[in-house]
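Shown next, in structure tokens, is the structure this report addresses.
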Amino acid sequence: MGVSSRLTEQEIVPEAELARFIASASAGSGAGAVVSFCGLARPVSGGGAAVDELHLDHYPGMTERSLQTIAEDGARRFEVDQVSVVHRCGTIGPGEVIVFVAAASLHRRAAFNAADYVMDRLKTEAVFWKRERGPDGARWIEPTEGDRADQARWDD
């Protein structure tokens, strides 16, 4: 089982990440399915206010460990061949990719479930402090009740 995670301040190029992931997944793992997901910075907040930028602060070392743990848990839980998480930090503009998640498995259902599970956990558990800035000022972002409900559906 191959699991990787990376934190970056650089732009995430989904096409390049997916090509790397597929090349790795097809190199002997026997994967028959690859699922990928890209999360984008929104131009409007959950409350409807305009957003000029999103800033993700992180705790060096701890944030990277949280990403890796979540990816490993998803791979183990759904018995997938590979999981990859690439997450941005720093300042991100509307429309830019915040996160790339991919999962590879023998069959599609496990890959879909693993990617979905990893995203739900990232939204509620990854060690980030998120702040939106717009014309009306800056505001901190916390996981929503919907985020928590999405994550709770995976509870055993």
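The values are calculated or read from the model by the stated rules, or taken from the named source; none is laboratory data. Predicted model, so just to flag it, every value in this text is computed and none were measured. So basically every Cβ, Gly included, is an ideal-geometry build from the backbone, and we count neighbours across all protein chains shown. Note: areas computed on protein heavy atoms with side chains; ligands, DNA, RNA excluded. Shrake-Rupley method; radii C 1.70, N 1.55, O 1.52, S 1.80 Å.
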Using +1 at the Cβ of each Lys and Arg and -1 at the Cβ of each Asp and Glu in the chain, identify which of T91, A25, S4 lies farthest towards the dipole's positive end.
-> A25
Between A138 and T8, the FRET efficiency computed from the C-beta separation at R0 = 30 Å comes out, to the nearest 0.05, as 0.85
Under 20 Å from the Y59 label point (7 Å along Cα→beta-carbon), backbone N, segment 1-35 = 5-9
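Rounded to the nearest percent, how much of the accessible area of the chain (1.4 Å probe, protein heavy atoms only) is carbon and sulfur?
On the way: 4220 of 8270 Å².
Heavy-atom surface of the chain belonging to carbon and sulfur, 1.4 Å probe: 51 percent.
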Under 17 Å by backbone N from the virtual spin label 7 Å along Cα-to-Cβ at E145, the residues of segment 26-49 are 46-48
Dipole size in debye (nearest 20) for the chain around its Cα centre, Lys and Arg Cβ +1, Asp and Glu Cβ -1?
-> 200 debye
How high is the relative contact order of the chain, given as a whole-number percent (alpha carbon pairs under 8 Å, six or more residues apart)?
-> 32 percent
Along segment 30-41, Karplus-curve 3J(HN,Hα) (6.51, -1.76, 1.60; θ = phi - 60°) to the nearest Hz, with x for Gly and Pro, reads x, 4, x, 8, 10, 10, 10, 9, 10, x, 10, 5
The answer for L106, listing residues at least 5 apart or on another chain whose modeled amide H is closer than 5 Å to its amide H, is G32, D81
For segment 1-147, with every protein chain kept in place, what is the accessible area per residue (1.4 Å probe, Å²)?
-> 51 Å²
With the chain treated as a Gaussian network of Cα nodes joined by springs under 10 Å, which of S105, S66, S45 yields the largest mean-square fluctuation?
-> S45
Each label sits 7 Å from Cα toward the beta-carbon; between A49 and K130 the label points are separated, in nm, by 1.5 nm
